[in-house]
Amino acid sequence: MAKFDLQEGNYTVTGARVGIVAARFNQQISDRLLAGAMETLEENGVKEQDITVVRVPGAFEIPLTTHRLATTRRPDAIITLGAVIRGETPHFDYVAGECARGITRVALDLNLPVIFGILTTDNLDHALARAGGTAGNKGSQAALAALEMIVLFRQLSQS
């Protein structure tokens with residue numbers, strides 16, 4: 001078997017600064033996602049004073065705010081949280097698509113782990129299931145992804 005250099009993150013991180021940008025629209029969902037993310041970060045050693053939470057009106061405002069947070073506070077990773085629930089108009093497609101595109105652009109332009117914790121669901125029941133219900137808490141999962149990416153980026157910086 002060939003030898004290769006395997007780089008892989010884990011959740012063991014010290015001194016991490018994490019930003020969270022969370023939408024207020026569909027607040028009953030985003031509040032649950034935020035609680036899951038905060039709990040997971042703190043359980044894994046991120047100090048409360050090293051977490052910056054910014055609330056924005058809706059998912060469409062998340063990418064710009066993520067960019068501003070990244071350039072002013074310089075966190076090690078940013079978690080984006082919210083819920084875009086399909087309705088009867090094409091509004092869902094525009095908001096969800098532009099939100100995803102904007103978040104990706106921030107991550108690539110700034111070389112920063114930006115975790116997509118935006119739920120894009122067909123209905124409220126699906127969103128509730130993913131915000132601490134039967135499908136777990138995607139905010140918590142986003143926090144774990146952020147921690148893993150912080151560790152991985154630190155490893156890659158040392159390589």
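Some points to look at:
- In terms of its C-alpha gyration tensor, segment 26-87 comes out oblate, because a/c is 1.5 or above while a/b does not outweigh b/c.
- Summarising the amide proton neighbourhood of residue 132: residues at separation of 5 or more, or on other chains, whose placed amide H is nearer than 5 Å comprise 137, 138.
- One chain, two ends: residue 110 and residue 6. Fully extended at 0.36 nm per residue, the span grows by 35.0 nm beyond their Cα-Cα distance.
- Gained length - residue 71 relative to residue 50, 0.36 nm times residue gap less alpha-carbon distance: 6.0 nm
- With helices as the sole contributors, the chain gives -16000 deg cm²/dmol at 222 nm; each DSSP H run of n ≥ 4 counts as -39500 (n - 2.57), and the sum is divided by every residue.
- Here the Karplus relation 6.51 cos²θ - 1.76 cosθ + 1.60, evaluated at θ = phi - 60°, turns the backbone of segment 62-72 into coupling constants of 5, x, 4, 5, 4, 4, 5, 4, 5, 7, 9 Hz, with x for every Gly and Pro.
- Evaluated with a Cβ-only charge set (Lys, Arg +1; Asp, Glu -1), segment 30-89 carries a dipole of roughly 280 debye about its Cα centre, given to the nearest 20.
Each reported figure results from applying straightforward, stated rules to the coordinates on display, with no laboratory input. None of the values given here were measured: they were computed from a predicted structure. Methodologically, a virtual Cβ is constructed for each residue, glycine included, from the backbone with ideal geometry; neighbour enumeration extends over all protein chains shown.
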